[in-house]
Amino acid sequence: MLIALRARYPGAETFQFGDSRALCDELTALVRAGIKTATCGAMRDYEAEGASLPQVGRRDIALDWDGRPALVIETLEITLRRFRDVDADFALAEGEDADLAGWQAGHRAYFERNGGWDREMMLVCERFRMVEDLAGVVGGECGI
């Protein structure tokens, strides 16, 4: 399936939402429901892994926790901002929390689990749209 998707979406990167099966499943479901239209990551992680930043117009493949393609998203906007500068508009677009304070608490805990948190840390903030939901796709064009 991944080979066929890479042929359909040249240059696509693969990634997973979250840092656990439960969080990955939750965030993927929020994207499928049209609630989650943004995500962010620590700039230090991109730098440490030598990973390329998301690019406007690029379509990437979100994997489920077991590494199977789940969704294809297209990056609409990238902004770099410090944790302390994330506003309610972006936080709510992430779809996980009812307000900015909830986003701050949840993301602080996430970053503390994954390398450390600081109000001044730089984030890669991405807005996206879902292009394709791969749930239940077996055989055919995307077949395994």
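Observations on the model:
- Taking the range 25-36 as the range and being surrounded by 20 or more Cβ atoms within 10 Å (Cβ to Cβ) and in contact (Cβ under 8 Å) with a residue 60 or more places away in the chain as the test, the residues that pass are Leu27, Val31, Lys36.
- Helices (runs of 4 or more DSSP H) contained in the range 16-119 and holding at least 1 residues of a type in the set (Phe, Trp, Tyr): 43-49, 88-93, 100-113
- Odd one out for Gly57 among (1) of a type outside the set (Phe, Trp, Tyr); (2) farther than 23 Å from Tyr9 by Cβ; (3) open to solvent by 40 Å² or more (accessible area, probe 1.4 Å): (2)
- Every condition in (1) touching a Phe, Trp or Tyr at 6+ places or on another chain (Cβ under 7 Å); (2) open to solvent by 30 Å² or more (accessible area, probe 1.4 Å) holds for Val72 except the one numbered (2).
- Residue in the range 102-117 that is touching a residue at least 60 places away in the same chain (Cβ under 8 Å) and within 23 Å of Ile3 (Cβ to Cβ) present: no
- Contact annotation: residue pairs with Cβ atoms under 7 Å, 6 or more positions apart or on different chains, pairing a residue in the range 50-69 that is over 17 Å from Val131 (Cβ atoms) with a partner that is of a type outside the set (Val, Ile, Thr) and open to solvent by 50 Å² or more (accessible area, probe 1.4 Å), are Ser52/Glu13; Leu53/Tyr46; Trp65/Gln16; Trp65/Arg21; Trp65/Asp25.
- You will find that of Glu126, Glu132, the residue that is open to solvent by 10 Å² or more (accessible area, probe 1.4 Å), more than 19 Å from Ala42 (Cα to Cα) and either not in a loop (DSSP other than H, G, I, E, B) or not aliphatic (A, V, I, L, M) (or both) is Glu132 and no other.
The values are calculated or read from the model by the stated rules, or taken from the named source; none is laboratory data. Computed from a predicted structure; not experimentally measured. FYI the Cβ positions are ideal-geometry reconstructions off the backbone, even for glycines, and counts take in every protein chain you see. Side chains included, ligands, DNA and RNA excluded: accessible areas come from the protein's heavy atoms. Shrake-Rupley method; radii C 1.70, N 1.55, O 1.52, S 1.80 Å.
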